[in-house]
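Read the structure below first, then the notes.
The values are calculated or read from the model by the stated rules, or taken from the named source; none is laboratory data. Note that the coordinates shown come from a computational prediction; the quantities given were computed from them, not determined experimentally. Ideal geometry is used to build each Cβ from the backbone, glycine not excepted, and the neighbour counts take in all protein chains shown. Side chains included, ligands, DNA and RNA excluded: accessible areas come from the protein's heavy atoms. Shrake-Rupley method; radii C 1.70, N 1.55, O 1.52, S 1.80 Å.
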Amino acid sequence: AEHRFGPDEVVHIKYANPISDIYGASPLQVAQIALDTDLRSINWNRNFLKKGGWPAGALKTPNPVDAPGLKRLRADLRKSVNRGADSAGQFLILTNGLDFAKIALTPKEMDWLDARRMSRDEILAIYGVPFSVAGLFSTEQTTARSAGVVQQVKNFYLFTVFPKMEKLV
């Protein structure tokens, strides 16, 4: 069912928008690129683990390979390495002049976890949420760390929560 709101029923809270002086942008709109990047990296990693990755390389040979030989090679590869996470760290034994040529980056080379951390940090910054408020703590258990956490929580209220509440009021 459609419901129309009257002008007195709508509160338009404008946030800064670098593209438009008239229309604001919500924090979610600003964070959209970071959110998309994070979602894509999650999907990439899930598919990598589920399907055993992508072709990390190619097998080359100067010798001609006939159709039955190619079929047998594909079957051998399927049995030995294309089994998802179960095939991680296994070796190929190359015979008959076969040579392996790397053609893809490994997850380590892609630095997947670092990309996820960067997306997380960007999203937290857009919403003005300090690490400690998000439950992200350092491994150091010191008094200075505890004092820093208290200050981060105070700053979160002073510079994020209270200004948003004032804007709503």
message: Please determine whether any residue of region 47-68 is under 24 Å from the mean Cα position of the chain (by Cα), under 30 Å from Leu35 (Cα atoms) and at pLDDT 75 or above.
response: yes
query: Looking at Ile22, is it farther than 27 Å from Met118 by Cβ, aliphatic (A, V, I, L, M) and either touching a strand residue (DSSP E or B) at 6+ places or on another chain (Cβ under 6 Å) or open to solvent by 90 Å² or more (accessible area, probe 1.4 Å) (or both)?
result: yes
message: Take the residues in region 25-36 that are out of contact with any Asp or Glu (no Cβ under 9 Å at 6 or more places or on another chain) and within 21 Å of Val161 (Cβ to Cβ); name whichever of them is surrounded by the most Cβ atoms within 10 Å (Cβ to Cβ).
response: Val30
task: Test Ser41 against the stated conditions and say whether it is open to solvent by less than 40 Å² (accessible area, probe 1.4 Å) and at pLDDT 80 or above.
output: yes
